[in-house]
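Everything below concerns the one structure shown next.
The values are calculated or read from the model by the stated rules, or taken from the named source; none is laboratory data. Bear in mind the structure is a predicted one, so any value in this text is a computation, not a measurement. Counting neighbours? That spans all protein chains shown, and the Cβs are built from the backbone with ideal geometry, glycine included.
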Amino acid sequence: MVPPEHRPEQGAYYVISESWIVRKLAGKELLIQAGSQLQKPDAVLVTTKTHYQGSGMLLPTIVQYSGTRTFTRDNGSVVDIAVLEEVSLPAQWTTGRIPAKYARFGVSPAENLQWKF
C-alpha cells in the first residue's frame, strides 16, 4: 500500500537506477525490478532508444510513468505493476570498462547522434 502523496502520477518523470532486468517480454518491453534499495517492485520498461542484449543492472535512465498493467504471477495471484517508458539514453560511463554486472545494450547510430549533453 502506497500513501497517496507517494503514488506516481501518470506522465511524471523519474530516474531509475539500481534496477535489474528480470526477463524480456514482448517487443521492446522488459520486466525489471525497480525501486528503492529496500523495495524492488516489478515494473515493465518500454525501451524506445536502447536494445538490451541480456540481463543485468541498468545504468541510470530517465523514464516516464504511463500507468499500470495487470499480470498473473506463476502462483496465480494477480498484480498491477507500473509501466515505465524510456525517455533518455542510459547514463554514459566515462571511466574504463563498464563493470560486468551492468546489462549490455546497443543504441542506433541515428539516436546516438541526436543525443545532446
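Suppose the filter is modelled with pLDDT of 90 or more and on the phi > 0 side of the Ramachandran plot; does residue 56 pass it? Let's see the steps before the verdict.
Values: modelled with pLDDT of 90 or more: yes; on the phi > 0 side of the Ramachandran plot: yes.
Answer is yes for this residue.
If you scan region 99-113, which residues turn out to be loosely packed, with under 10 Cβ neighbours inside 10 Å and modelled with pLDDT under 85?
Passing the criteria: 109, 110, 113.
Among the residues of region 68-109, which ones are of a type in the set (Asp, Glu) and either closer than 16 Å to residue 28 by Cβ or in a loop (DSSP other than H, G, I, E, B) (or both)?
74, 85, 86
Does region 44-52 include one or more residues that are β-branched (Val, Ile, Thr), more than 22 Å from residue 8 (Cα to Cα) and at pLDDT 85 or above? Lay out the reasoning, then the answer.
If we filter region 44-52 for residues that are β-branched (Val, Ile, Thr), which is where we start, we get 44, 46-48, 50.
Remaining after also requiring more than 22 Å from residue 8 (Cα to Cα): 50.
Now restrict to residues that are at pLDDT 85 or above: 50.
The answer is yes, given that some residue of region 44-52 is β-branched (Val, Ile, Thr), more than 22 Å from residue 8 (Cα to Cα) and at pLDDT 85 or above.
State all residues of region 86-98 that are surrounded by fewer than 16 Cβ atoms within 10 Å (Cβ to Cβ) and modelled with pLDDT of 90 or more; if no residue qualifies, say none.
87
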